[in-house]
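Beneath this line is the structure, given in structure tokens, with notes to follow.
The values are calculated or read from the model by the stated rules, or taken from the named source; none is laboratory data. Here the structure is a predicted model, which means the values were calculated and not measured. Cβ atoms come from the backbone with ideal geometry, glycine included; neighbour counts cover every protein chain shown. Heavy atoms of the whole protein, side chains included, go into the accessibility calculation; ligands, DNA and RNA do not. Shrake-Rupley method; radii C 1.70, N 1.55, O 1.52, S 1.80 Å.
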Amino acid sequence: MSGDLSLDINIKEPRWDQSTFMGRAQHFFFVTDPRNILKSSETLEDARVTVEKYRYGVVKPGLTEDELWRAKYIYDSAFHPDTGEKMVVVGRMSAQVPMNMTITGCMLTFYRTTPAVVFWQWVNQSFNAVVNYSNRSGDTALTTNQLAAAYISATTGAVVTALGLKSLAKRLPAVMSRFVPFFAVAAANCINIPFMRQRELKYGIPVTDEEGNRLGESVTAAKSGIIQVVVSRIGMAVPAMGKHCRFPVLNAPVQVGLVGLCLVFATPLCCALFPQKSSMAVSSLETDLQERILHSSPHTTTVFFNKGL
């Protein structure tokens, strides 16, 4: 039985206009809010039930619109948008600030010795691997063997790259060597994200029409989404790494605190650089998929897909 709340609220989409940067920023400030990782299992389950029941036209008596949106954002912070599965805590975007402020702060503090570089790069890339897998696009999971291979490839490639850049830094002026941690993080993202989402690059991700009807899977859309995510992740690192370049001698607690302050704003703002529900012209897709869409949905000129985070 329905309550007093209207059933016309479209909670399949964010509360704010996603065609504007400010609208996307407001959306991601809620999705990446670090306080969401403190929500209990009961709170998450209650949010899931509230959201899913509303989608089927069932409204909890007394539910207000603000409470519905609050439940939606709690749900979005913990459950995958395509599969609906609950993500592990450290893989959620709401864990980005506390996890990255600790890891990045330590990376910036302990970057002078090779063992320290290897250890913190491994920790960072292991964390990134969990985040990249948890926030992948599409609804097809990797097998255990595929996941293990992707993890080993991603972390090994990123660590080797960081060591190579550290070695190069020895031949650079001191001022240039300060940028090595940033370039290492940027290069690692370029390696880690594609490896952890390699299934998408091989088999494609779901594309839909404007009403959400699935039209097929596209590798081209997957490539576009992954590139956007790489750019966003590198952007998140810029404020913290830029601060390090100016003040490289700060001790660990100060590094961690300042990185955390940067990430509180950089995480949602960089997530907002591109819409999570991205679009692409049908004419830009693979030829065989274009032909299938032409036959099944001849009036569709634009497809939509979840780029991941």
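Straight-line reach from Lys72: which lysines have a Cα under 27 Å away, not including same-chain ones fewer than 8 places off?
The qualifying lysines are Lys12, Lys39, Lys53, Lys60, Lys86, Lys277, Lys307.
Can you list the residues of region 41-71 with backbone N under 16 Å from a point 7 Å past the Cα of Val89, pointing along Cα to Cβ?
Under 16 Å, as judged by backbone N against the label point of Val89, lie 41-45 of region 41-71.
What is the calculated FRET efficiency for Ser297 to Ser40, with r their C-beta to C-beta distance and R₀ = 25 Å, to the nearest 0.05?
That gives a FRET efficiency of 0.05.
When the accessible area of region 1-99 is split by element with a 1.4 Å probe, what percent falls to carbon and sulfur?
Carbon with sulfur: 54 percent of the solvent-accessible area.
Given a 1.4 angstrom probe, what's the average accessible area per residue across the chain, in square angstrom? Don't jump to the answer; show the numbers that get you there.
Details: 15020 Å² over 309 residues.
Accessible area per residue: 49 Å².
Relative to the Cα centre, what is the charge dipole magnitude of the chain, using +1 at the beta carbon of each Lys and Arg, -1 at the beta carbon of each Asp and Glu, and rounding to the nearest 20 debye?
Dipole of the chain, to the nearest 20 debye: 1600 debye.
Once the Cα atoms of helix 180-196 and of the chain are each reduced to a long axis, what angle between those two axes, in degrees from 0 to 90 to the nearest 10, is obtained?
Approximately 40 degrees, to the nearest ten.
Helix-derived [θ] at 222 nm for the chain: sum -39500 (n - 2.57) over DSSP H runs of at least 4, divide by residue count, nearest 500?
-20000 deg cm²/dmol
Just to be sure I understand: with springs between alpha-carbon atoms less than 10 Å apart, which residue in Val256, Val207, Val160 has the highest mean-square fluctuation in the Gaussian network model of the chain?
Val160
Among residues other than Lys86 whose Cβ falls under 10 Å from its Cβ, what is the net charge (Lys/Arg +1, Asp/Glu -1)?
With Lys, Arg at +1 and Asp, Glu at -1, the net is 0.
Could you please report the charge total around Leu285, scoring K, R as +1 and D, E as -1 over all other residues with beta-carbon less than 13 angstrom from its beta-carbon?
Values: positive: Lys223, Arg292; negative: Asp209, Glu217, Glu286, Asp288, Glu291.
Neighbour charge sum, excluding Leu285 itself: -3.
Which one of Phe110, Phe79, Phe28 has the biggest mean-square fluctuation once the chain is modelled by GNM with Cα springs under 10 Å?
Phe110
Around Ile9, what is the net charge, scoring Lys/Arg as +1 and Asp/Glu as -1 over all other residues with Cβ under 12 Å from its Cβ?
After counting each charged neighbour, the total is -1.
Indicate the gyration tensor shape class of region 14-72 (rounded, prolate or oblate), computed on the Cα atoms with a ≥ b ≥ c the square roots of the eigenvalues: a/c under 1.5 is rounded; otherwise a/b larger than b/c is prolate and the rest oblate.
oblate
Starting from the 7 Å offset along Cα-to-Cβ, what nm value, one decimal, do you get for the label separation of Lys12 and Leu261?
Distance between label points: 4.4 nm.
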